[in-house]
Amino acid sequence: MENQVAIEVKNVTKSFKVYYDKGKELKEKMLFWKRNRYENRVVLDDVSFTIKRGEAVGLVGKNGCGKSTTLKMLTRIIYPDSGSITMHGRVSSLIELGAGFHPDMTGRENIYTNASIFGLTKKEIDARLDDIISFSELGQYIDNPVRTYSSGMYMRLAFSVAINVDADILLVDEILAVGDANFQTKCFNKIREIKGQGTTIVIVSHSLGQIEQICDRSIWIKDGRIEKEGDPKSVHLEYLDYMNNERMDEEERARVKQQRIESGLEDENRFGTGNVRCTNVRLLDDNGDEQGIFKCGGNMTVQFDYHVNNPVENAIIGVKINRIDGVYVYGTDTRIDKFKNFEIKQDGTVSLTFKDMPLIKGQYYLDISIEYSEGLPEDYLKHAAKFEIVSSLEDMGIALVSHDWDISKIR
C-alpha cells in the first residue's frame, strides 16, 4: 500500500497567533505590555487525507479556510503543531515562485541556483538548461540581471525551472495565470503533460474549471476541516451552493430555502438556488421522436423545459455527458460556444443537437445546468437523462476515431 501512496496527511492541526495590537519596540512592549494580547487562531483542525501516486487533487474553499497553509506544510515551508505529513519522492513547488532568485544574478545563473534548491546536481541542470530557457521564452534576456526583468518575465523563468526538475510530486498554488494568454495556455498544457507522465499533483486554485480539467479528485476545506471530497464536479457544485448561500442575508436565505423545497431541489442529485428549474428533459432523434437508444455516428437532440421563479441575469446553460461508470466524456455550455450571457425572464425551452455522435457503444447519462455568471448554480440536475449508444463495431474506449490501416508491406 505504501508504494502506492505519494502523500499522507494524518490528524494535522495548525494554528497561528494573531496579535490585536502588538508593540514593535522594546519601550512599547515594556510600557504597554497589556497590548500584547493575541488570539490563537486554528487554521487547520485534525485534517487527514491520502493522495496516491500519479493522482491529481485540487484543494478548494473560500479565502482563509486553510488551503494554502496545507500546501505550505506539504512543501515544508511551515510545520504542523500536531499530526504528521509524509511525502514520498522529490517535491517541486509552484508556491513562492522565484524563491531563491538573486536580483543581481542573470537569469541563467539563477536557473542553476534555483534548480539546486530543488535538489538537482550541476550535471542534471546542464542537461535541462536548454529546455528551461526555451520554455521561459526569455531568449536574449536570459543573460541579463533578474532585477531588469518585468514581473511576467520573472514569473515565467521561475515556472520554467520548477516544472523541469522531474519531480515526483508537484505542488501548485494559484500560479496558473503566469504571463500572457498564450503562455498561460502553454503552462496549463505542460501541467497536464506532467500529470500524464505519472507525477502526483496538488493544486490550490479558485478556478474550479481548471481543477476539473486536471484533477481526479477535489477536497473542499471549510473552516479548517475537510467538508467533502470526491469527484471534482460534484464537490464543486456543493461548494458553489454553499458560497451562494454565504453571500445572501438571512431573509434571502430563508426565501431561497423555501423556494428550493417548493421547486423540488431538496435532492442529492440537484443543486442551486431554484430561481430557475429544469423540467421535462427529453432526448430526440432526427424525426423529433423521443428515444433512449441512438446509433454511433447518428444525431441526438437534448431538449428540456425550464420554469422561472425569479429572473436570472448573466445566465449560462450547460450540458455534460458522462459514461455510466462516471467517466467524464464531454461538456459544453453557452459561454464556451461564444454566446453572450443572457437574461432568463420567463419559462421556455432549450435544445442542443449533438451531430454525428462519435461515442462507442455503451450507456451514458447527461447532466444539465443553468448557472449564473460562470459557475454559480441556479439549477444543476445530475443524471437528468440516460441513453445508450449501439453499434455493430467492436472498437473499444469512449470515442470512435476515424482511421485507415495499411498492411500492404507486411511480409
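Below are the figures for this structure:
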| quantity | calculated |
| --- | --- |
| Long pairs among Lys52/Lys382; Lys195/Lys222; Lys320/Lys355; Lys14/Lys62, criterion Cα-Cα beyond 23 Å | Lys52/Lys382; Lys195/Lys222 |
| Phi to ³J(HN,Hα) by Karplus 6.51 cos²θ - 1.76 cosθ + 1.60 over the stretch 315-325, Hz, x for Gly, Pro | 7, 10, 10, x, 9, 10, 10, 10, 6, 4, 8 |
| Computed helical MRE - 222 nm, the chain, DSSP H runs ≥ 4 contributing -39500 (n - 2.57), nearest 500 | -8000 deg cm²/dmol |
| Radius ratio Rg over Rh of the stretch 289-396, counting only Cα atoms, Kirkwood formula for Rh | 1.00 |
| Most to least packed among 159-168, 392-401 [average Cβ atoms within 10 Å] | 159-168, 392-401 |
| Note, ³J(HN,Hα) from phi for the stretch 345-361, Karplus 6.51, -1.76, 1.60, rounded to Hz, x at Gly and Pro | 10, 8, 3, x, 9, 10, 10, 9, 9, 8, 9, 6, 3, x, 6, 6, 4 |
| Loop sites in the stretch 305-346: trypsin sites (Lys or Arg not before Pro), DSSP, at most 11 other Cβ within 10 Å | Lys338, Lys340 |
| Cα-based shape type of the stretch 2-229, given that a ≥ b ≥ c are square roots of the gyration tensor eigenvalues and the cut on a/c is 1.5 | oblate |
| 37 °C / 0.692 mPa s Stokes-Einstein diffusion coefficient of the chain, Kirkwood radius on C-alpha pairs, µm²/s | 132 µm²/s |
| Whole-number percent relative contact order across the chain, with pairs defined as alpha carbons under 8 Å at least 6 apart | 13 percent |
| Options Val9, Gly54, Gly272, ranked by Cα towards positive dipole end of the chain, top entry (Cβ charges) | Val9 |
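Every number in this text was worked out from the coordinates using simple rules, so none of it is lab data. Source: prediction; values computed, not measured. So basically every Cβ, Gly included, is an ideal-geometry build from the backbone, and we count neighbours across all protein chains shown.
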